[in-house]
1. Could you put R78, R114 in order of accessible surface area, largest first, with the 1.4 Å probe and the full protein assembly present?
2. List the chymotrypsin sites (Phe, Trp or Tyr not before Pro) in the stretch 285-325 that DSSP assigns to loop (not H, G, I, E or B) and whose Cβ has at most 16 other Cβ atoms within 10 Å. Which are they?
3. How large is the charge dipole for the chain, taken about the Cα centre, if only the Cβ atoms of Lys, Arg (+1) and Asp, Glu (-1) carry charge, to the nearest 20 debye?
4. Check which residues have an amide H placed less than 5 Å from D302's amide H, if you skip close sequence neighbours.
5. If you count only protein heavy atoms and use a 1.4 Å probe, how large is the accessible surface of I291, to the nearest 10 Å²?
6. Relative to the longest principal axis of the C-alpha atoms of the chain, give the angle of the C-alpha long axis of helix 159-172, reported between 0 and 90° and rounded to the nearest 10°.
7. As a test question: what accessible area, to the nearest 10 Å², does K202 have when a 1.4 Å probe is rolled over all protein chains in place?
8. Does the stretch 27-210 come out rounded, prolate or oblate by the C-alpha gyration tensor, with a ≥ b ≥ c the root eigenvalues, rounded set by a/c under 1.5 and, if not, prolate when a/b is larger than b/c and oblate if not?
Amino acid sequence: MAELPTVLDPTLQAVDAALEASGNAEPHRPYLGMSEIGRPCQRALWYGFRWCSVKSFDATTLKRFADGHHGEDVQADRLRMVDGIELLTIDPRTGGQFGFADHGRHFRGHMDGRIKGILQAPATLHVWEHKQTDEKKLKALEKAKQEHGEKAALAQWDEVYSAQAVLYMHYSGMKRHYLTCASSGGRKTVSVRSNAAPDKAKALKAKALRIIQSDVPLTRISEKPDWYQCKWCDHQAICHEGELPEINCRTCVHATPELDGNGRWSCAHFGCDLSTKHQRQGGECPEHRYIPALIHFAEAVDADQAGNWVEYRAGETTFRNGGNYYTSAEIKALGRAGLVPEVLDIKKPSAAPGANQNQSQPPSTSAPWLPAESAATTEETKTAALASVPAPWAVKG
Ligand code: SF4
Ligand code: SF4
């Protein structure tokens, strides 16, 4: 039988469009999350920490996220209906979520709650985490519980959630974890308990530090673009297809995440710290130079710190990022296909590479790249003092 045509509802389509517009307005997270560190590809985690790709979600995914947030509140209320259960979802010391941070606060996580009084182990404090998922994944959890036993089920079922659980136990000092997982809408719920795993926590902490401290992309999980994990990856275009990453301070060769502050980033070019707001606005900085390893299709063959340029070779083509040559924005716009001799000859300044091209353009206080105001976030509020000063590229001459 031929498939019946879908009758579209313009009102619901408008709802989805509005959802996508608001749901995708979230800026990049300023830290590496404990909720993601269990992901298998460390290169993808590095790209995420360095804000390389813009993520966008379709309306269906955004509705799933909303169901997850709502489901957590529903499940918390349901657990509190049981006599003897004490469930805290707010840290009484801070009035906010229970949170943990490490590695100069570049690595952070927030657990859903702390629970005591569950009937299987009434005297034991547990980290509580709730997930909302589809029927298929819920069934897989039940199966893992039957086949591997309750305590091993979480690690068998989902390595990302398992890593998160291990870290929350490690940082909270609790030795047990209680995961509830419900199908969409919270109709059916499965639970698993798991034990602390100090060695695994140590390995995850080391993995996070490796990602934070690396100034180049880490090893790929696969060299094949059609590898199943690559097909779903947000960074597939820059990792396998030669697209250039976003331009912000985190993709700039001059930026470093420092381990001695509160998520502190410094800029070696301007010799200052960077607020989260200014890092996001780094695309407006004329001194941005790509981390050379992010231009995968070319090899960095020369550089000059005083002139703030890096020279690349890609086959027969030679081009520079900086000096009087190409800005990062121009290189990104030209892309791999545009960085060819025919195009470069047109754009190239009259002097050849190496001839009087060492002078970086000094920023001016009346610069047209003065950053536009952006919406404040909690993180920016915390670093308000730093964020309220002008961007470094707008004041240093
Ligand atoms: S495309 Fe594949 S190798 Fe590249 S970052 Fe993503 S998962 Fe890792
Ligand atoms: S302020 Fe400019 S030079 Fe410094 S890290 Fe940001 S983009 Fe790079």
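1. R78, R114
2. Details: sites: Y290, F297, W309, Y312, F319, Y325; in loops: F297, Y325.
Hits after loop and neighbour filter: F297.
3. Here the chain has a charge dipole of around 1280 debye.
4. Excluding prolines and chain starts, which carry no amide H, the hits are E311.
5. It works out to around 10 Å².
6. Around 80 degrees separate the two axes.
7. Spelled out: K202, probe radius 1.4 Å, area about 150 Å².
8. rounded
The values are calculated or read from the model by the stated rules, or taken from the named source; none is laboratory data. Model, not experiment: these values are computed from the prediction. Cβ coordinates were reconstructed from backbone atoms using ideal geometry, including for glycine residues, and neighbour counts include every protein chain displayed. For the accessible areas, the whole protein counts, side chains as well, though only heavy atoms, and no ligand, DNA or RNA atoms are used. Shrake-Rupley method; radii C 1.70, N 1.55, O 1.52, S 1.80 Å.
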